[in-house]
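**Q** Supplied in structure tokens, the structure appears directly below.
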Amino acid sequence: MKVLVVDDEARNAELTAMALREAGHQTEFVGGGAAALKKLAAEKFDVVVTDLRMAPPDGLALLAEIRTRWPGVDVVLMTAYASLETARAALRSGAQDYVSKEGAFHGELVTILERLASGRTLTSEKARLERAVASMQKGLATVIGESAAMRQALELARKVAPTDSTVLLRGESGTGKDLFARAIHFSSPRAGGPWVKVNCGALPEALLESELFGHEKGAFTGAIRQKPGRFEDANHGTLFLDEIGELPLLLQVKLLQVIEEKTFMRVGGNQPVTVDVRILAATNRELEEMVRARTFREDLFFRLNVFPIRLPSLRERSADIPALVEHVMLKHGAAVAKVSPAAMRALEHHSYPGNVRELEHTLERALILAGADPVGPEHLAFSGTDVPHAGASPSWVPTIPAGGLSLEALEKELILQALDRARGNKSQAARLLGLTRRTLYSRMERHGLRQPGEGEEPETEGAEN
């Protein structure tokens, strides 16, 4: 461990530091509390061993300052004026231990540091395991999808995640490229490192360059201090470049250099900065067409397209909709049973131009509209439609396809939806369909939804005759 010894008696400080060095610790010593604070501000130490009685700041004052400014640093107090009350005061103030400077106390101090080192190892291992568990909870295992198209994308992601290869995620807006990128990072050996995302389409070119590569003090008006960029923030981790197709041509050149050489210069700088960063990129643009139009560099495209993964649209993975619905409902604190069978059928048959993002927003709005009631088809306002209102045609009613449709089957489906919405109350179901109750009974019997001669329920207040 790296240890700082603090004692205003120089000979004692030197002898203590020597004993700790012989025990295998990297040790430095200073002659007082003020010098110790300067040293701690400049360097990182694991443990501070400080005398208790010194010129201000004394050992307890130094301990309090360390607890506030460097809470990860352990503190051991030593004094020639040992007393039970002093020991208790030190421990109450947050010291890890206390040693009396009597006789050959250096052996006792070495034993204390061995115990602290063992505790640090356990803490470090616990933190590593916690990071591993957190990574598993954010990794590819969290991606929802059992359809063939999604399984194929997940299999590709599992194969590339353990590598350092650049990945290009392609797909329509709302297909989950951000989620996939995060999952790849947290399933990779870099999971314990930084995860940094930059939206290349969200900032103008001048600001984007500084955001990515940082700038030196005085590089431009307002640059009052040096600022590291997102590449430096992502060092030893992953940088996710979302909407890479929006990156200006000038910055494409600089990005290519970073990918090839792992170095760049900050804006206004002349010293190269070296980074160890894995790059994941995503786009909903046709980059090949942009290359032909000379709006995207061909060499950069080839560098990014090392391992492309295409994410399917929700239209291509409709089998995953029930599982996605359950996930969204749980996210909003509701059970999937709150979605009625009729609403689930409507959700499964929508085309979703906005993909998973549209599904989530649709359900969130439906939960608000439904309130305490089950979510029904009338609560679903899909993309491009207004919030449903009484008497409006629901957005889930199909248009007539070229091959035609069965009106009988459609009528039966609408009756089932009305009964579901009305929780089996036929008078209410009849009102929802704009029918008399007797007409509803007749049509239910025609579709095999009611046995001939089955008894009718009593009329409810306001039911039609």
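**Q** Which residue pairs have Cβ atoms closer than 8 Å, lie 6 or more positions apart in sequence or on different chains, and pair a first residue in segment 333-350 that is under 13 Å from Leu367 (Cβ atoms) and among the β-branched types (Val, Ile, Thr) with a second residue that is surrounded by fewer than 17 Cβ atoms within 10 Å (Cβ to Cβ) and at pLDDT below 90?
**A** Partner pairs satisfying both residue conditions: Val336/Leu330.
**Q** OK, next. How many residues are open to solvent by less than 10 Å² (accessible area, probe 1.4 Å) and within 15 Å of Val75 (Cβ to Cβ) when one looks only at segment 1-23?
**A** From segment 1-23, those open to solvent by less than 10 Å² (accessible area, probe 1.4 Å) are 3-7, 13, 16-17, 20; that's our starting set.
From the residues that got through so far, the ones that are within 15 Å of Val75 (Cβ to Cβ) too are 3-7, 16, 20.
Selection size over segment 1-23: 7.
**Q** Moving to a separate point now. Yes or no: Glu289 open to solvent by 50 Å² or more (accessible area, probe 1.4 Å), farther than 27 Å from Ile244 by Cβ, among the charged types (D, E, K, R) and part of a helix (DSSP H, G or I)?
**A** Values: open to solvent by 50 Å² or more (accessible area, probe 1.4 Å): yes; farther than 27 Å from Ile244 by Cβ: no; among the charged types (D, E, K, R): yes; part of a helix (DSSP H, G or I): yes.
No: the conditions fail for Glu289.
**Q** Write out, first by first residue and then by second, each pair whose Cβ atoms fall under 8 Å of each other, whose residues are 6+ apart or on separate chains, and whose first residue, in segment 358-386, is assigned to a loop (DSSP other than H, G, I, E, B) while the second is at pLDDT 90 or above and surrounded by fewer than 14 Cβ atoms within 10 Å (Cβ to Cβ).
**A** none
**Q** Looking at segment 369-378, which of its residues are crowded, with 19+ Cβ neighbours inside 10 Å and of a type in the set (Gly, Ala, Ser)? Spell out how you get there, then give the answer.
**A** Within segment 369-378, the subset crowded, with 19+ Cβ neighbours inside 10 Å is 370, 375-378.
Hits for segment 369-378 are Ala370, Gly376.
**Q** Further, regarding this structure: Tally the residues that are in a helix (DSSP H, G or I) and either under 22 Å from Val167 (Cα atoms) or open to solvent by less than 70 Å² (accessible area, probe 1.4 Å) (or both), restricting the search to segment 317-340. Give the derivation first.
**A** Of segment 317-340, the ones in a helix (DSSP H, G or I) are 317-331, 336-338.
The next check asks that each one be either under 22 Å from Val167 (Cα atoms) or open to solvent by less than 70 Å² (accessible area, probe 1.4 Å) (or both); those that pass are 317-318, 320-325, 328-329, 336, 338.
Residues flagged as in a helix (DSSP H, G or I) and either under 22 Å from Val167 (Cα atoms) or open to solvent by less than 70 Å² (accessible area, probe 1.4 Å) (or both) within segment 317-340 amount to 12.
**Q** Return a yes/no flag: does segment 294-302 have any residue that is hydroxyl-bearing (Ser, Thr, Tyr), surrounded by 13 or more Cβ atoms within 10 Å (Cβ to Cβ) and in contact with a strand residue (DSSP E or B) (Cβ under 8 Å, 6 or more places away or on another chain).
**A** Kept after step one, since they are hydroxyl-bearing (Ser, Thr, Tyr), are these residues of segment 294-302: 295.
Right, trim to surrounded by 13 or more Cβ atoms within 10 Å (Cβ to Cβ) and you get 295.
With in contact with a strand residue (DSSP E or B) (Cβ under 8 Å, 6 or more places away or on another chain) added as a condition, the list becomes none.
No, there is no match, as no residue in segment 294-302 is hydroxyl-bearing (Ser, Thr, Tyr), surrounded by 13 or more Cβ atoms within 10 Å (Cβ to Cβ) and in contact with a strand residue (DSSP E or B) (Cβ under 8 Å, 6 or more places away or on another chain).
**Q** For segment 265-274, indicate whether the set of residues that are farther than 16 Å from Ile309 by Cβ, outside any loop (DSSP other than H, G, I, E, B) and hydrophobic (A, V, I, L, M, F, W, C) is non-empty.
**A** Taking segment 265-274 and keeping what is farther than 16 Å from Ile309 by Cβ, we get 265-274.
Filter once more, so that each one left must be outside any loop (DSSP other than H, G, I, E, B): 267, 273-274.
If we keep only those that are hydrophobic (A, V, I, L, M, F, W, C) too, we end up with 267, 273.
Yes - at least one qualifying residue is present in segment 265-274.
**Q** Has segment 24-36 got any residue that is open to solvent by 50 Å² or more (accessible area, probe 1.4 Å), more than 16 Å from Ser93 (Cβ to Cβ), in a helix (DSSP H, G or I) and in contact (Cβ under 8 Å) with a residue 12 or more places away in the chain?
**A** Scanning segment 24-36 turns up at least one residue that is open to solvent by 50 Å² or more (accessible area, probe 1.4 Å), more than 16 Å from Ser93 (Cβ to Cβ), in a helix (DSSP H, G or I) and in contact (Cβ under 8 Å) with a residue 12 or more places away in the chain.
**Q** Follow-up question, since we're still on this one. Taking Leu154 as the residue in question, decide whether it is part of a strand (DSSP E or B) and either open to solvent by 40 Å² or more (accessible area, probe 1.4 Å) or not charged (D, E, K, R) (or both). Quick ask: steps written out before the conclusion?
**A** Working: part of a strand (DSSP E or B): no; either open to solvent by 40 Å² or more (accessible area, probe 1.4 Å) or not charged (D, E, K, R) (or both): yes.
The answer is no for Leu154.
**Q** Return only the number of the condition from (1) open to solvent by less than 60 Å² (accessible area, probe 1.4 Å); (2) within 30 Å of Leu156 (Cα to Cα); (3) not aromatic (Phe, Trp, Tyr) that Ala366 does not satisfy.
**A** The one condition Ala366 does not meet is (2).
**Q** If I filter segment 388-408 for residues that are touching a Pro at 6+ places or on another chain (Cβ under 7 Å), within 30 Å of Gly171 (Cα to Cα) and at pLDDT 85 or above, do I get at least one hit?
**A** The answer is no, given that none of the residues of segment 388-408 is touching a Pro at 6+ places or on another chain (Cβ under 7 Å), within 30 Å of Gly171 (Cα to Cα) and at pLDDT 85 or above.
**Q** Does Gly174 count as under 25 Å from Leu304 (Cβ atoms) and at pLDDT below 90?
**A** Values: under 25 Å from Leu304 (Cβ atoms): yes; at pLDDT below 90: no.
No; evaluated as a whole, the condition is false for this residue.
**Q** Scanning segment 341-353 for residues that are open to solvent by 20 Å² or more (accessible area, probe 1.4 Å) and under 22 Å from Glu172 (Cα atoms), which turns out nearest to the chain's Cα centre (by Cα)?
**A** Step one: of segment 341-353, the residues open to solvent by 20 Å² or more (accessible area, probe 1.4 Å) are 341, 344-345, 348-351, 353.
Then drop every residue that is not under 22 Å from Glu172 (Cα atoms), which leaves 348-351, 353.
Working: Glu348: 28, His349: 30, His350: 28, Ser351: 28, Pro353: 25 Å.
For segment 341-353, the residue satisfying everything is Pro353.
**Q** Taking segment 37-52, which residues are exposed (fewer than 14 other Cβ atoms within 10 Å of the Cβ) and of a type in the set (D, E, K, R)? Step through it out loud before you land on a result.
**A** So in segment 37-52, the residues exposed (fewer than 14 other Cβ atoms within 10 Å of the Cβ) come out as 38, 41-44.
Residues satisfying the conditions are Lys38, Glu43, Lys44.
The values are calculated or read from the model by the stated rules, or taken from the named source; none is laboratory data. Bear in mind that the values here come from a model prediction, so they are computed numbers and not experimental data. So basically every Cβ, Gly included, is an ideal-geometry build from the backbone, and we count neighbours across all protein chains shown. Please note that ligands, DNA and RNA were not included when accessible areas were found on the heavy atoms of the full protein model with its side chains. Shrake-Rupley method; radii C 1.70, N 1.55, O 1.52, S 1.80 Å.
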